[in-house]
Structure formats: C-alpha cells, structure tokens
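Have a look at the structure below, then the notes.
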Amino acid sequence: MINSKIFERSAIGRLLLADKAGRYLIAALLVITVLVPLCNLLMPAGSFLHIPTYVVVLLGKYLCYALLALALDLVWGYCGILSLGHGAFFALGGYAMGMHLMRQIGERGVYGNAELPDFMVFLNWTELPWYWYGFDNFFFTMFMVALVPAALAFVFGWLAFRSRVTGVYLSIITQAMTYALLLAFFRNDMGFGGNNGLTDFKDILGFSLQSDATRCVLFALSALSVAGAYVLCRAIVTSKYGRVLIAIRDAESRTRFMGYRVEHYKLFVFVVSAILAGIAGALYVPQVGIINPGEFGPINSIEIVIWVAIGGRGTLFGAVIGAVAVNYAKTYFTGAFPEVWLFMLGALFVISTLYLPKGIVGVVTQIRERRAESNATSIPEQGAKS
Amino acid sequence: MKLSHVFRVFVVLALFVAQVVQAEQITPVKSEVAADNALLLNELISARSTSDKKNLINLIANSNFPQRAKVLSALQDGDLYYTKADEQLVYAFSHPDGYQITSVIDGENLGVIGSRKVRKISINNELRTVLRGVLAELSLRSEDVFVRLSAAKDLIRSPSPEFLYAIERAKAVEVNEKVLASLNIATAMINLNSEEQVLRLDAIEAFRGTLDSDAMSILAAMQLKDSEGNYLEQDDLVRESAAAVLSEMRGEAEMYKLVENVFFGLSLGSVLLLTAVGLAITFGVMGVINMAHGEMMMLGAYTTYVIQLLMPNYIDYSIVVAIPAAFLVSGLVGIVIERGVIRHLYGRPLETLLATFGVSLILQQAVRSIFSPLNKSVSAPSWLSGSWEINGALSLTYNRLYIIIFSLVVLLMLVFLLKKTFVGLQMRAVTQNRAMANSMGIRTGWVDALTFGLGSGIAGIAGVALSQLTNVGPNLGQSYIIDSFMVVVFGGVGNLFGTFFAAMSLGVANKFLEPFAGAVLAKIFVLVFIILFIQWRPRGLFALKGRSVED
Amino acid sequence: MKSPKSIKAFAKHSSIVLAAATLSLSASIAQAADTIKVGVLHSLSGTMAISETTLKDTVLMLIEDQNKKGGILGKKLEAVVVDPASNWPLFAEKAKELLDKDKVDVIFGCWTSVSRKSVLPVIEELNGLMFYPVQYEGEESSKNVFYTGAAPNQQAIPAVDYLMSEAGGSVKRWVLAGTDYVYPRTTNKILESYLKSKGVAEKDIMINYTPFGHSDWQTIVSDIKKFGSQGKKTAVVSTINGDANVPFYKELANQGMSAEDIPVVAFSVGEEELSGFDTGPLVGHLAAWNYFMSADAEVNDEFIDKWIAYIGDDKRVTNDPMEATYIGFNMWVKAVEKAKTTDVDKVSAALIGISVPNLTGGVATMLPNHHLTKPVLIGEIQENGQFDIVWQTEGAVPGDAWTDFLPESAKLIADWQDPKIMCGNYNTETKKCSGQNY
C-alpha cells in the first residue's frame, strides 16, 4: 500500500497532482492492465465478464496506436512540429522487433533452415545479410528498437532543424521520408521480405505468441508503456524545458532571438518522440503478427495526425483518447457497415474538425469550464494554438 | 535450307504465273468461279491447324474472289465468324442482342443472332503476321498515300518472298519518296534471305542510314552463334558487312536514345506539372493542405468517362468536350467544399488537412458506390493514339506529346488569369492580405470560393489527361497526391514558375536515373534529393521573398 | 492507497473502461446457431477493392443460390461480410473477428499473398477453414487453407511452354517483367530456372521489377523494344500486378509494340482488368489462366447468365478467380454434405478427393496437398475485351504446392491425407516436417 503522502511527494505524484485528467488516464490504464488479463484468463468463456482473446489483442493494438499518438502529440502539440512521417519510426521499431521474432523461428520455418528466414530461402539467398546479425538477441533487439528510429530522427532532425525548415515544408519532407522508406522496404532486394514483410512468428522469449497468457502480458505491457510514456511526456512538457518547447511552438523566431538554441530543443524532443513511436511499433508487431511496408504509407502517418487532432492536440491524454476512439470506430464501422464505412469515417473527420476544433478533450473542457464559471476560480485547461 | 529455297522460288514463279493468268482472264464461267471461292472460304471454318489456315489465307489472297481484301481484313480484325447451326461464314458486328451478321459469300444480310450462336474464326500471332503481309500487298495499290505507306511498313515487318513481285510492281509506279524508301527496305528485308551473295550484300547496304528496328534486329541475328560457337550465318563476307552496318546504325540510334530519354522526362514532368499546378493554387496560394486534390483529379477522369458514355459515336471529340466539363465538375465540387468546410478553417491550415482528408474518403467512397469499384474504360481518340515516327530509332507517342503541350497551355492560361485579369488581381490581393482586401471592398468569401474552385477545376483537367494514361478508378487520386505535394514544395510554395521548373526537372532527373537504378531506386533517389534540397533551400527552389514569408 | 477521492475515481474509471470493453466488443458473441455462417473476407475499399469486390459478390450469389436449393444439411447459409480495407494487419484482425466473434464455419477470402500470410497464423490458431481463390506463388500448404487458384506449375510453366512451341512463335528471348512483390519474384525465379533448364542463355533473359501502381512505363517499354530487336524472337512474361497494367498496356499500344512482334503473356490480367481499357490495339497479346469467360461449356453459360442476372449489369464479366471461388464453394458444400457437419477437421478431411465440375467443361479435384487439378488455357486478347482460347493443356494439371525448380523447395511435399505425412512441408530428405503450429 502506498501512503498518500509518499505519493504526493514522489516526482510522479507531484506531476499528476496538477493534472487531473492524467490521473484518470493513469488510473484507467492501471485498472485495465490488471482487469483485462484477469477477465480473459480467469473468467469462464460465456460469462458476462469474460473478455475474449480477440478483444484483448484488439485493445492491445489500440494501446500501441495510443502510444504512437502520444509520441506525435509531444512534437506536434507541444513543439509545433507537424510530422507526417511518424509512421516511419513506428514501422522501424516494428521491423526491428519483427526481425527478432523472425530469427526466433529458427528451423521451424517451412524450409527448416535454421539461419535464414523463409522468404530468403525461396529467393535463393545463401547467407544472412549483415544487418540481420544480432537480432537473435533480445536485448540487442530492444536496443535497436530505440536506436534505429532515434538515429533516423536525429539525422533527419539535425538536418532539418539546423536549416530552419518549418511549417508545411517540414511536414512534406517528413512525408517524403516515409514515402522513400516505403518504396525501399517494398524492394525485395532490401532483405526485409518485400511487400509480404515479416510474418509467421512463433514465440517471444520462449513464450508462444499464440497463447492467451502471452497476449495478456503483451497487452499489460502496452498499457503500462502508455502510462509510462504519458508520465514521461508530461514530465517533459511541464518542465522548464517544456516551457521553451511551447514557446517555440507559439513563436519560434522570438524564442530564437531570446537566445535559445531552438534546433537543440526541437531535436531532443523529436528524437524522444521517435523512440516512443519505435517502442509502440515493437509492441504492435507481436500482437498483430505481421509487419510490412504498408506501415510506412504516408496515409497511415496522416491518420496518426487525425487521431491526435480528434482527441485534442496538445493535451497528451487527448492523443490517447483520439487513437482509441478513431480505431474503435474503424473496427466497428468496417464490421458493421462494410459497404459505406468510409462515408462515416470521412464525415467523422470533417465534422470533428468543424465542430470540435479542440477535439474530444476540448468539448469536455468546455463543459467543465461552463460548470466552473459559477465557481469562477478554476484555471482553464490550456489548449493548443496553431 | 536449299529445298525450302527451291520451294520459295517455285512459289514465286507460280504466283507470278497465276497473277499474269488472272490478269488476262476474262471471267470464263462466273458461277463456277464463285462456287470455287465459296468452297475455299468455307474451308476456313474447318481448318484447325495454323499451317492449314496459313495456306488458306495465301490461297484466298491469290484467288479472284472480288472481296478478298475485305474477308482477310475481317479475319485480321476478328470480325469473321461462322454460324454454329448451318456453318455459314459471316461478317459479324456486335449488336445489343448479339451480333449483326452478313453472309460473306453473297453479302446477304442475315439479321441479328445471339452471341453464342456464332463462333469466331480464330487466328494467332503467326497468322496475324501473315495476314499483315498479305493485306499490305493487297493495299499497295491504294489511292491513299498513307495506306500505301503503312502497307509498305507492314511489309518490312512481314517479309516474305511471295511479295517481291508485288513490291517490284508497286515500286515501278510509286511516286511518293517515303513509300518508295520503305518499299526499298522491304525489298532488302526479303533479299537478305536470298541465296545470292550479291543480292544480300546490296540488301545490307540498303539498310545503311535507315535506323529501321526490324532491319537492326535481322542484322543482329546474323551475328549470333549456335551452341557450339559457330556463327549461324556462314557467309563471312555477308556477316561482316552486316556487323559494320549494324554498329553504324546502333551508334546513331544511341544518340536518338538520349533525345528519347529527354522526351520521356519532359512527358513525365508535364504529368507532374498538370497534377501539381492545381495544388499550387489551393495549397500554394491559399495555404489549404488539400488532401482531396487527388480526388478532384479522379472526378475529372470520371467526367471524361461519362462524357464518352454520352457521346459514344464521337469519341474523337469527347476529350475536347471533357476538358471544360471536367473543369466545371471539379470546380463546382471544389466551390462546394470551400463553402461547406474550408471557409470555417481559414487561419488553421493544419486543420484543413484533416477536413479535406475526410472529404477525400467520402469522395472516393461516393465514386465507388456510384460507378462500382472497377476501373472504367476510357478510350483514346484516334488522334491521341499511336506515335510520330521521326525515324526508325526515335518515335514520340502522340498522347505524351499532346500532354506536354497541354500542360504548358494550362500553365500559361493560369498565369495569364492570375496576373492579367481583374479576378486574378482580386485573388492575389485576398491571399496576400485578407483584411486589407476586404476593406477595399473585395468580397473575400466569394474570391476564396473562386480561387479554390479554380485550383480544383485545374485538377479536374489534369484528370482528363490522366484518363489517357492510367486507370480510371477510385484510387486514381491517391497515386498522384504525394508526388504533387513534393513538386509544389520543391518548387517553392506559392510560385507557379517554381512548380513548372520543379515538375520538369524532377521528371527528367527520374528518367535519367531510371536506366541505371531501376524505377524504384530512381524514385527513392529523387525523394532523398528533395529532402536534402529542402535543407539547402528551406523554402523551395523559388522562395517568395518579403514579409509575407515569415509566419 | 490513495486518498478516498482517487479510489472513487479508480472505481468510476474501471467501470467505464470495462463497460466499453466488454459491452461494445463482446456483446454480440453468443447467437443462436441455426444458420451456417460463411465469412467473406475481401477488401471492399482501398487499392484491392477493384479486384476483390467482385469475389464478395460472387460468394453472396453462390450463397443465395444455395439457399434457394434449401441450404445445406437443412440449414440456411448466412453471409458475414467484413471489409479489411486492403490493410494487411486489418485482415488478421478481421479474420479473428470472424472466427472468434461471429463463429463462422468457413471463410472465403484474400487476394494478395500478403493478406493470406497475414491471416494464416490466425486461421491456424483458431482452426478455421479458408478457401483462397487466386493464383499465387505456391510455397505453402496450410492445414486450414484450400487453394483453389493456380499454383505456378498451373499457369506460368505451361504458358512458357506454349510460347516456346511453334504455335506460340518459338520464342528464344525472354523478358520477365513484374511488380516487385513475392508472387512475381517467385514465379520469375521458377521461370528463370526452368528456362535455363531448357537451354536459354543468361543474356537472353531480362528481368525487370517495378513498384506497385507504377504508372510511367515509357522507359521500360522502350527498353523491351530494344531488347527484342536483337535478332531472336522475344516475348514478355508479365507478372505485373493489377493496377499497373492499364498504363503498361496503354504505353505498349502507343509505342506500337504489337503482339506479332513481341507478344506479352500476362498472369494477372483477366477479363475484369481488360474491361478497364480499350483493347483494340492489344489484340493478340496473351494471358494464361485456368478459366476464360469465353470458355465453351454449358455450365459456363449458365454461370454467366446467373452472374449477370445477380449483378444486374449485362456488361459485367466473369474471370478466373470467380471460377476458383465457384469451385471452392461447391467443394465446400459437397464436403459438408459428405461429412454431415461443418466441423472444420471433418470437412477438411472430406474435402480431399472431392470432385466438382469446373466452368470449362472439365472436373476439378481437390488433391491431398490442398491444391486443385486445373486445365491451363492460353487466351488471346480480343477487341471486345474477351479472350480467345488459342491453346490448352491436354488434361488437367495437378497443382504443385512446392515447385520443382527451386532447390530448397524441390525437396518438400505436402500431403494432408497420408497418415505418415499429414503436413504441408514434408522434407523428403530429412523425412521431417518443420514449424507446424498445431
């Protein structure tokens, strides 16, 4: 049992005390971390409280998207960097994980080749390409999950922020980046399985990916990662450092004139965001069971922006809500109205931009504010300005 | 080898005699001949093997059946059928209820018949080659110089000693130099297979300076070796002189290859320009990140399709009608989008991205629901098909050529509209300083709608052009939207000249990289280049200068 | 624990989250099983909708037809249609939904290899039953999937044989052009090795790969023309994927590359693709399939009439994957009737050896490797957008899951009947199967 005083004094506690919505979010995440696996594993099938495995996997997938959305909100909502290429970092993290899972298959592939993944065998490759070395080690893989997206973000960001590429120019070249990666990963000569990508995974750290327990663990890990990432992002944006980020978002030139090295601030937050996106990808792949170049698609990256916008930009928890809400809508619509679901999704986007300029969170705050007007003391939640 | 040659000589002689006799004959017993012809023609129905059919085609071509050209070209075009019930040879043309058929033998109209009651006389590529030659021979005496020219060219591609006589006769009376030149090559192609060294050497000489690709192919064939390393062509003198002429031809062809590559690049660039120039207005000038731009192109392409449905008998003019129609359709949809959605979002450019993305999903699904998800067939008008053959090594396809011209015309008209007209002045005023423009009495809302409509309308026009190049389907827009954004950004947002220059240079760069790197890597290189270029010039190729640049 | 207020928040939130999770997602799980459910897993939006929507309609038509005949085992069939939206992870998710939530008895679905690869682990884990109706690269035989499209030896190799024959023009030089994904890659690998075994030299084979949806074919067509003018009869074997074909063929037509000079034989161009453009200039180019709409058989005429009546558009065409769906559906019906249950294991066992009429007047038999026997037809493109069958194999060719022309694959066989083997990748050298999930 945690003493409430310790809670209030701990760093996280202090952070969350000033952030009511964040508290709810963390609470909810912790609850589902425990309850969903319990309801899946312990409740008998058919009972009202039983959560079927496919729902667990689905929720796990939503949480990965939520983590990705969180990563984007950190750079877009708080630093004004509209990245239309965040899917690239997500996919790179996913590919790193996928490569590990591929190596784990070992000689259980259809050709029984212990060294080479199946797709290399039937394309007559004779040895493993050098960049596949090391991925049989889990910790090396975990390191690469963070390093590869971070390195790309660092190089890209260093070039772009140093030359003061901003606004739509930055957005479009991030799009060019993910598009170029999409084309590159589509090439079978690259050695990443081409269009089919990496699939047919068997187990992770010796635990079968098909077992409900593994899935529950992965789900719990996703939920905890979202919670952890939320705390991290909140810590960044509420720090002194975060204030500078917001200043950059609102008036970049002025911040620069005041003597801040704007590009360093941007670069740091961009790299952190890329790492978070990479982790999201790494959690996503074992749950979904496939990673392929489609994840690099520019449209996918635009969709991430939409989750954040619908949830409420610049609020962090809004990103989480948006990602889950939009993806749930997608799951529901594609199953219930397969012929016309695009009308609904499209209309949802149009209507929410027109009538919910601050997203779902904005609506809630508005209602809250109105109610608080009578009390007249509460401080309004700060929304994003573009 | 020898035997077949003897046979060929024999055939030529026999045909010569036959033709002479035929020319002298004055229809002895008409009905008997007609009966013979009918018998001959009906054999087409029962002939199964390719060689049987080939013999029959030659026999028909050399018969005295008055409509032999018509029968053979119907066979070539796949209009020759027979009725399953009574095995009668008929010309068949499609009709809503099946086929409209006419008897081949006596030209009697047999009315309409169900499509499964007749069967086509099938041919294959080998027979098509034979037919091409035979029909070319028959049309060598046409009045129309173009028919003669294409016949002469067909003969180059289907060289056969049977035609030598007809070619020599045609050469004697031919006045057109081009036709004559082609006939000379055709003769050479045939003589190349003769037994006499002199004739063959002459033939090889005749190819010098022609750049004809079939000639090059046949000369190259002479240089081949068999599996034991011996040359297939045993006559050393012939082979060596062939090699000399071939290398000369190839050297020259190489130069034209470069010209061709530039053309390919410019044509790719003009497609990029067309697809991007509308975006240069909506995105570049108005600052709306218009994700529905691709769908505006899609609407333009579908408009072309609908126009062709409405005027099925005037396909050649349909494109001309489609251009203004597509401009209006896409333009109006654009105005509706602007009034309905974007109007509420000025000053929030990033949110236009979300809203227009939603609009694009809706438009795609709308097209899918209305027209089905299948691709639609848009036919090419005759004046847009084929290619302009400058010489054997260089030919420019008409549709690409027209698209280059068309894209330039569109660009110039747009520049004129923006710079020289009152509406253009208002548009520029509103985008530069909305408040000031408003206070000067410009109806900014109205101008915004018009500007957006203009950009969308131009996207619609681009769709008309794309309908000639690629799929007309619900995904048409998505495949071009990213490239369009790249072009606009690379050229510098808000600068039409920059868009033009960016499109053309990216097109040419892509085409020059492609032979070395392959299509995929070429594209990746271009993308990486754009990313690096933006580091060097963060505002694109031609950045706008002045205060409006800073946000 | 936290302050009472936080605990309250905890409780409140857990209830909200749980309500959201359980109520909305799992509410419709239990439904009365008085119908037999048929899952339809074809993309209705996105890039693959062009091809896959037709197959969805085909399955719905077949179901309607079967219900008119009284269903199966006295139960009506009920279609469950979902839209995986050409998104590969979504295919896996939807497959899970169909099996876990909707409890379907069989799935008809997938088009691309990647979508099949994506759903494969799901179907194997949940022991579903799927019919896959498209020609593909082979190198697979799953316990739970029945492949009713062609394997490479039922399409690619006979087509090349035809072109090498005198009737096909005695082709000596080959361009293997494809979209850069697994089906063309594998097919071209197989063809390359096959051509070399027939004495074709390395320099007489040109291989070219392009990205999906490639639209600018000027350079490649011009290169092919150049490659073809080297003195030997040249042909193009095209594994170019659906969308890129229209611009490819348009460019062929405009650059005047006629079928008499350099024929193109395509493995992914059927009647439906042809309906997207004007085939006038393309007459004589070829395609290899196991079915053409122009096939002369009574059962085909019936099928076409039924299809046109169902879809209500007399311009609509039929194509090979539709025939494969038709065969798969009829086989499943027959197997269920034979097994007297829809239990996957029993139906799977019953399926092997079942024969149903195909639409070209022959019979398709399900082999122990889960592939079919199929006739191979070569068709020439006609002006009206149809194919004219110019050649066909003597009898039906049995589908081969593992090709004999790749060294690693030649060792493997699939057999789901022989109790000593019972696997999809039995290695005849090591006498073992590897990596089975069950």
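Quick notes on this one:
- The residue that is nearest to B:ALA242 (Cα to Cα), among those in segment C:245-279 that are within 9 Å of chain B (Cβ to nearest Cβ) and aliphatic (A, V, I, L, M), is C:ALA259.
- Matching residues, segment B:369-387, being facing another protein chain (nearest Cβ under 7 Å) and either part of a helix (DSSP H, G or I) or of a type in the set (Gly, Ala, Ser) (or both): B:SER377, B:SER379, B:ALA380, B:SER385, B:GLY386, B:SER387
- When A:LEU63, A:LEU30 are checked against the criterion of being within 29 Å of C:ALA95 (Cβ to Cβ), in a helix (DSSP H, G or I) and touching a residue at least 24 places away in the same chain (Cβ under 8 Å), A:LEU63 stands alone in meeting it.
- The number of residues in segment A:84-116 being within 18 Å of C:GLU139 (Cα to Cα) and among the charged types (D, E, K, R) comes to 2.
Here's the yes/no breakdown for (1) farther than 30 Å from C:VAL317 by Cβ; (2) in contact (Cβ under 8 Å) with a residue 24 or more places away in the chain; (3) assigned to a helix (DSSP H, G or I); (4) within 38 Å of the chain's Cα centre (by Cα):
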site: B:PHE327; (1), (2), (3), (4): yes, yes, yes, yes
site: B:SER360; (1), (2), (3), (4): no, yes, yes, yes
site: B:LEU363; (1), (2), (3), (4): no, yes, yes, yes
site: B:ALA437; (1), (2), (3), (4): yes, no, yes, no
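- Counting the residues of segment A:306-318 that are more than 15 Å from A:GLY80 (Cα to Cα) and either under 12 Å from the mean Cα position of the chain (by Cα) or polar (S, T, N, Q) (or both) gives 1.
- When B:SER94 is tested against the conditions (1) of a type in the set (S, T, N, Q); (2) in a helix (DSSP H, G or I); (3) within 14 Å of chain C (Cβ to nearest Cβ), the lone failure is (2).
- Among the residues of segment C:322-340, at least one is under 30 Å from A:MET120 (Cα atoms), assigned by TED's automatic domain parsing to the domain that holds C:LEU62 and touching a residue at least 24 places away in the same chain (Cβ under 8 Å).
- Residue in segment B:448-469 that is crowded, with 20+ Cβ neighbours inside 10 Å, touching a Phe, Trp or Tyr at 6+ places or on another chain (Cβ under 6 Å), in contact (Cβ under 8 Å) with a residue 40 or more places away in the chain and in a loop (DSSP other than H, G, I, E, B) present: no
- Candidates are the residues of segment C:179-204 that are closer than 22 Å to C:GLN154 by Cβ and among the aliphatic types (A, V, I, L, M); the one that is nearest to the other protein chains (Cβ to nearest Cβ) is C:VAL182.
- Screening A:ILE172 on (1) crowded, with 24+ Cβ neighbours inside 10 Å; (2) more than 14 Å from chain C (Cβ to nearest Cβ); (3) within 22 Å of A:ILE279 (Cα to Cα) shows it passes everything except condition (3).
- Segment B:389-423 - residue that is polar (S, T, N, Q) and buried (at least 21 other Cβ atoms within 10 Å of the Cβ) and, of those, farthest from B:ALA215 (Cα to Cα): B:SER407
- Unique residue being modelled with pLDDT under 85, at the interface with another protein chain (Cβ under 7 Å from one of its Cβ atoms) and out of contact with any Lys or Arg (no Cβ under 6 Å at 6 or more places or on another chain) when the list is B:VAL489, B:VAL549, B:VAL493: B:VAL493
- Taking strands (runs of 3 or more DSSP E) as the structural unit, those lying wholly within segment C:347-407 and holding at least 1 residues that are more than 14 Å from chain B (Cβ to nearest Cβ) and surrounded by fewer than 24 Cβ atoms within 10 Å (Cβ to Cβ) correspond to C:355-357, C:363-365.
- For segment A:66-81, a tally of residues being in contact with a Phe, Trp or Tyr (Cβ under 8 Å, 6 or more places away or on another chain) and not in a helix (DSSP H, G or I) returns 1.
- Those residues of segment C:80-113 which are at the interface with chain A (Cβ under 9 Å from one of its Cβ atoms), in a loop (DSSP other than H, G, I, E, B) and of a type in the set (Val, Ile, Thr), in sequence order: C:THR112
- Residue pairs whose Cβ atoms lie under 7 Å apart, sitting 6 or more positions apart in sequence or on different chains, and linking a residue in segment C:289-313 that is over 17 Å from C:LEU274 (Cα atoms) to a partner that is of a type in the set (Phe, Trp, Tyr), are C:PHE303/C:TYR326.
- Among the residues of segment B:471-519, just one is surrounded by fewer than 23 Cβ atoms within 10 Å (Cβ to Cβ) and at positive phi, namely B:GLY518.
- Hits in segment B:453-486 (condition: closer than 30 Å to B:ALA429 by Cβ and in contact with a Ser or Thr (Cβ under 6 Å, 6 or more places away or on another chain)): B:GLY455, B:SER456, B:GLY457, B:ALA459, B:GLY460, B:ALA462, B:SER484
- All told, B:PHE263 meets the bar of being surrounded by fewer than 24 Cβ atoms within 10 Å (Cβ to Cβ), touching a residue at least 12 places away in the same chain (Cβ under 8 Å) and part of a helix (DSSP H, G or I).
- Matching residues, segment A:35-55, being assigned to a helix (DSSP H, G or I) and within 9 Å of chain C (Cβ to nearest Cβ): A:LEU35, A:VAL36, A:CYS39, A:THR53, A:TYR54, A:VAL55
- Unmet criterion (only one of (1) more than 30 Å from C:ASP314 (Cα to Cα); (2) touching a residue at least 24 places away in the same chain (Cβ under 8 Å)) for B:ALA172: (2)
- Selection of helices (runs of 4 or more DSSP H) fully inside segment C:181-280 by the criterion of at least 1 residues being among the hydroxyl-bearing types (Ser, Thr, Tyr) returns C:182-197, C:218-228, C:242-254.
- Complete set of residues in segment A:185-201 that are facing another protein chain (nearest Cβ under 9 Å) and under 18 Å from A:TRP125 (Cβ atoms): A:PHE186, A:ARG187, A:ASN188, A:ASP189, A:GLY193, A:GLY194, A:ASN195, A:ASN196, A:GLY197, A:THR199, A:ASP200
- Exclusive hit being within 18 Å of the chain's Cα centre (by Cα), within 9 Å of another protein chain (Cβ to nearest Cβ), closer than 28 Å to A:GLU263 by Cα and buried (at least 17 other Cβ atoms within 10 Å of the Cβ), set A:LEU68, A:LEU82, A:LEU92, A:LEU72: A:LEU82
- Within the set B:VAL104, B:VAL134, the sole residue that is hydrophobic (A, V, I, L, M, F, W, C), farther than 18 Å from B:ARG169 by Cβ and either at pLDDT below 80 or more than 25 Å from the chain's Cα centre (by Cα) (or both) turns out to be B:VAL104.
- Looking only at segment C:390-404, and only at residues there that are over 21 Å from the mean Cα position of the chain (by Cα) and in contact (Cβ under 8 Å) with a residue 60 or more places away in the chain, the one that is farthest from C:THR365 (Cα to Cα): C:VAL390
The values are calculated or read from the model by the stated rules, or taken from the named source; none is laboratory data. Given the structure is predicted, the values throughout are model-derived calculations rather than measurements. So basically every Cβ, Gly included, is an ideal-geometry build from the backbone, and we count neighbours across all protein chains shown.
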